[in-house]
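In what follows, a single structure is set out as structure tokens and then discussed.
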Amino acid sequence: MGFWSDWLDAIAQWISSNNWNQLPQSVLFITLTSISISAFSAITTKLLIDTESLNEDMQKINKWNQKRKMAMERADKKLWLSVKREEDAIKRLQQSMMMKRMKPMLVTSIPFMVIFAILRRAFNGHYYAWIPFNMGKFPWIGKTPWSEQVTYDGHVYSKISFTFWYFLSSFAFGSLISRILGTNPQGAVSTDSKKKSKTTKKTVKKNK
């Protein structure tokens, strides 16, 4: 543990010595770190998971959920029996999807913990980003231990911790990277809707 701790402290000290934990460099450094981790996670997912197969499984589950909803709304006993017959197969499919998604998580969790341990040492006890609005005015956020309001040149800013800024950056860029690489699980729904829209367009052209 001593060697491990010393190694993490050495990297954190190197970050501090280059002033990457000071404004404004801290904002860019944390953002780039967040983007790098999101890209690594998305690429790992792309390599370890058959996204086409996962999307097909999601489509099957979505169709079954729609079928179950329809059976409940219409109180259709025949349709409900069909839903119950398929329930065990859908549960196995959901478990299989969960196991597939866990594969990249097992690979990315260790690098994430290491990098975050370094960041916590380098970015400790200070606010590392300023947001040009008062977060305290948002009722669903309010006052938090991760932010502090400050007035500068007649304007109210919110100073936020590195953790808060990291997850904001990760949320903003992570979904974008996932969409670009095609690892977004919501693609299953969009794929199905695209097929329907293409079919509708073809029908309209034929009618014309």
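The values are calculated or read from the model by the stated rules, or taken from the named source; none is laboratory data. Just so it is clear, the model here is predicted, and its values are computed rather than measured. Here the Cβ is made from the backbone with ideal geometry for all residues, glycine too, and neighbour counts use every protein chain on show. The protein model used for the area step is the full one, side chains on, heavy atoms only, and it has no ligands, DNA or RNA in it. Shrake-Rupley method; radii C 1.70, N 1.55, O 1.52, S 1.80 Å.
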* Asked: Taking the range 23-42 on its own, how many of its residues are part of a helix (DSSP H, G or I), in contact (Cβ under 8 Å) with a residue 60 or more places away in the chain and farther than 17 Å from ALA172 by Cα?
  -> 1
* Enumeration of residues in the range 79-113 that are over 17 Å from the mean Cα position of the chain (by Cα) and among the polar types (S, T, N, Q) -> SER82, GLN94, GLN95, SER96
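Taking LEU93 as the residue in question, decide whether it is open to solvent by less than 50 Å² (accessible area, probe 1.4 Å), of a type outside the set (Val, Ile, Thr) and under 26 Å from SER41 (Cα atoms).
yes
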* Asked: Quick one: in the range 153-171, which of the residues that are small (Gly, Ala, Ser) and surrounded by 14 or more Cβ atoms within 10 Å (Cβ to Cβ) is modelled with the lowest pLDDT?
  -> SER158
* **For LEU47: the one exception among (1) assigned to a helix (DSSP H, G or I); (2) surrounded by 12 or more Cβ atoms within 10 Å (Cβ to Cβ)** => (2)
